[in-house]
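Undergrad: I'd like to ask some things about the structure below.
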Amino acid sequence: MEVLVINCGSSSLKFQFIDSVKEEVLAKGLCERIGIDGGRLVYQREGYDKITTEKQMADHTVAVKMVLEALQDEENGVIKDIHEVEAVGHRVVHGGEKFSSSIVIDDEVLKGIEACNDLAPLHNPANLIGINACRALMPGVPMVAVFDTAFHQTMPQKAYLYGIPYALYEKYGIRRYGFHGTSHSYVSRKAAEFFGFKPEASKVVVCHLGNGSSICAVKNGKSVDTSMGFTPLAGVLMGTRSGDIDPAIVDFLYHKGMTIEEIHSLLNKESGVLGLSGYSSDFRDIEDGVAEGREEAIRALDVFCYGVAKYIAGYAAAMGGVDVIAFTAGVGENDTGVRERVCEYLTFMGVKFDAAANNVRGKAAKISTDDSTVQVCVMPTNEELVIALDTLALVQ
Ligand code: ADP
């Protein structure tokens, strides 16, 4: 079954067209600057060069139309007819407590997603626009919503409640939801199997370290705790996000004269590795800085790796041990230095790091020694494939 996977932002739309049975990407790309000047579509058929088309896109419906035309293009397309798009899988950021798994989209589901808009005001409305644009252009084609939060709905109450009045949870749904669920679900399963464990009888910690980072404790195939919270701002330090801070800092800055909007921007866009280093959010630049002995780079990386290690050790307590630690996403898959520094903290719990094996990027690899009590690996994530597979399973 050929599935179009859509990940819609407020002014962008990423897509992949996937043969979900063969698990192969046929084409992929991105529409940028939708609804604003300078719109463009970048399209790439697998194995061919990227093609960039500059064109104004008034809204997401126009963008989806361009994607469908590109897929049918005589020269670079991969289908002859729009009907070869057999299903569409949509990434939806927030499913609240309503959605604990992927679901076929109907009017009722759309209402449910809309009811979660409050919880993800920047993301869910954009996801809905993408769904509606696809429904308008491909009537009758089954569509599936795959939620970032759904995998974490198995967390026990003790992991998801905050220490604030319970009434706020009941009234507004203020609790830990967690994100990156498709990645944690996929990588935890792959990593367990990689070392010969059955996912349903294993204790895995997944470190999804990218621009946004989150750690997840996966016990017997189910998320039991995760570092992101009510929003994706919580948890470990990230590229530009602060991660966990004392909430009283918000109050303090407010009384120093900053507006709520300025504080929001500070914590989301000017903090994290960028804020601590003062020069970059990109871990490649930070590693270069560390190699040159730049103090600001060293402190940013130190805070990051220390924070990741503390979460892993905490999740060992949460699960009563750890069988496998998996590193994934842009930083986890590529930054050998981060993996080494994080693992150094974990020797006390039986992690024996294999420095030679660690010299690997972007592919599945064991990076612990044979006599390590805890197995450690690099495991590339593939969120689009999970969306395509969930779509296939539900539509069939
Ligand atoms: P997102 O959270 O946006 O999906 P990714 O998972 O793609 O992000 O991660 C992007 C980040 O990965 C970059 O900002 C960069 O810091 C990091 N990264 C990519 N390649 C390398 C590398 N070779 N070494 C260190 N870090 C890398």
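Undergrad: Do we find that Gly278 is crowded, with 18+ Cβ neighbours inside 10 Å and among the small types (Gly, Ala, Ser) in this structure?
TA: Judged against the criteria, Gly278 is not a match.
Undergrad: What are the residues in segment 210-227 that are in a loop (DSSP other than H, G, I, E, B) and away from the ligand (no atom under 12 Å from the Cβ), if any?
TA: Asn220, Gly221, Ser227
Undergrad: Check Ala234 against each of (1) crowded, with 20+ Cβ neighbours inside 10 Å; (2) away from the ligand (no atom under 11 Å from the Cβ); (3) touching a residue at least 60 places away in the same chain (Cβ under 8 Å) and name the one condition it does not meet.
TA: Single failed check for Ala234: (3).
Undergrad: Filter segment 191-209 down to residues that are in contact (Cβ under 8 Å) with a residue 24 or more places away in the chain and aliphatic (A, V, I, L, M) and give me whichever is farthest from the ligand (Cβ to nearest atom).
TA: Ala192
Undergrad: For segment 24-33, state whether one or more residues are farther than 26 Å from Ala393 by Cβ and at pLDDT below 95.
TA: Yes, segment 24-33 has at least one match.
Undergrad: Moving on to the next point. Kindly check whether there is at least one residue in segment 132-147 that is more than 26 Å from Met57 (Cα to Cα) and in contact with a Gly (Cβ under 9 Å, 6 or more places away or on another chain).
TA: yes
Undergrad: Collect the residues in segment 184-209 that are of a type outside the set (A, V, I, L, M), in a helix (DSSP H, G or I) and closer than 18 Å to Glu384 by Cα, keeping them in residue-number order.
TA: Scanning segment 184-209 gives His184, Ser185, Tyr186, Ser188, Arg189, Lys190.
Undergrad: Please give the strands (runs of 3 or more DSSP E) falling wholly within segment 1-62 in which 2 or more residues are over 23 Å from His180 (Cα atoms) and out of contact with any helix residue (DSSP H, G or I) (no Cβ under 8 Å at 6 or more places or on another chain).
TA: Filter on segment 1-62 gives 40-45, 50-54.
Undergrad: Could you list, ordered by first residue, the pairs with Cβ atoms under 8 Å in which the first is in segment 272-283 and away from the ligand (no atom under 13 Å from the Cβ) and the second is among the small types (Gly, Ala, Ser) and part of a loop (DSSP other than H, G, I, E, B), at least 6 apart or interchain?
TA: Gly275/Ser242
Rundown of residues vs (1) of a type outside the set (Val, Ile, Thr); (2) over 30 Å from Ser223 (Cα atoms); (3) over 23 Å from the mean Cα position of the chain (by Cα), yes/no style:
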position: Gly275; (1), (2), (3): yes, yes, no
position: Val290; (1), (2), (3): no, yes, yes
position: Leu301; (1), (2), (3): yes, no, no
position: Tyr315; (1), (2), (3): yes, no, no
position: Met319; (1), (2), (3): yes, no, no
position: Arg341; (1), (2), (3): yes, no, no
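Undergrad: Just to be sure before I move on: is Gly257 more than 21 Å from the chain's Cα centre (by Cα) and surrounded by 14 or more Cβ atoms within 10 Å (Cβ to Cβ) in the structure I sent? Quick ask: steps written out before the conclusion?
TA: Values: more than 21 Å from the chain's Cα centre (by Cα): yes; surrounded by 14 or more Cβ atoms within 10 Å (Cβ to Cβ): no.
No; evaluated as a whole, the condition is false for this residue.
Undergrad: To continue, here is another question. Restricting the search to segment 63-99, which residues are in a helix (DSSP H, G or I) and either of a type outside the set (S, T, N, Q) or within 14 Å of Ile131 (Cβ to Cβ) (or both)?
TA: Ala63, Val64, Lys65, Met66, Val67, Leu68, Glu69, Ala70, Leu71, Ile82, His83, Glu84
Undergrad: Quickly run through segment 146-174 and pick out the residues that are buried (at least 20 other Cβ atoms within 10 Å of the Cβ) and in a loop (DSSP other than H, G, I, E, B).
TA: Passing the criteria: Asp148, Thr149, Met155.
The values are calculated or read from the model by the stated rules, or taken from the named source; none is laboratory data. Not measured: the values here are computed from a predicted model. We place every Cβ from the backbone using ideal geometry, glycine too, and count neighbours over all the protein chains shown.
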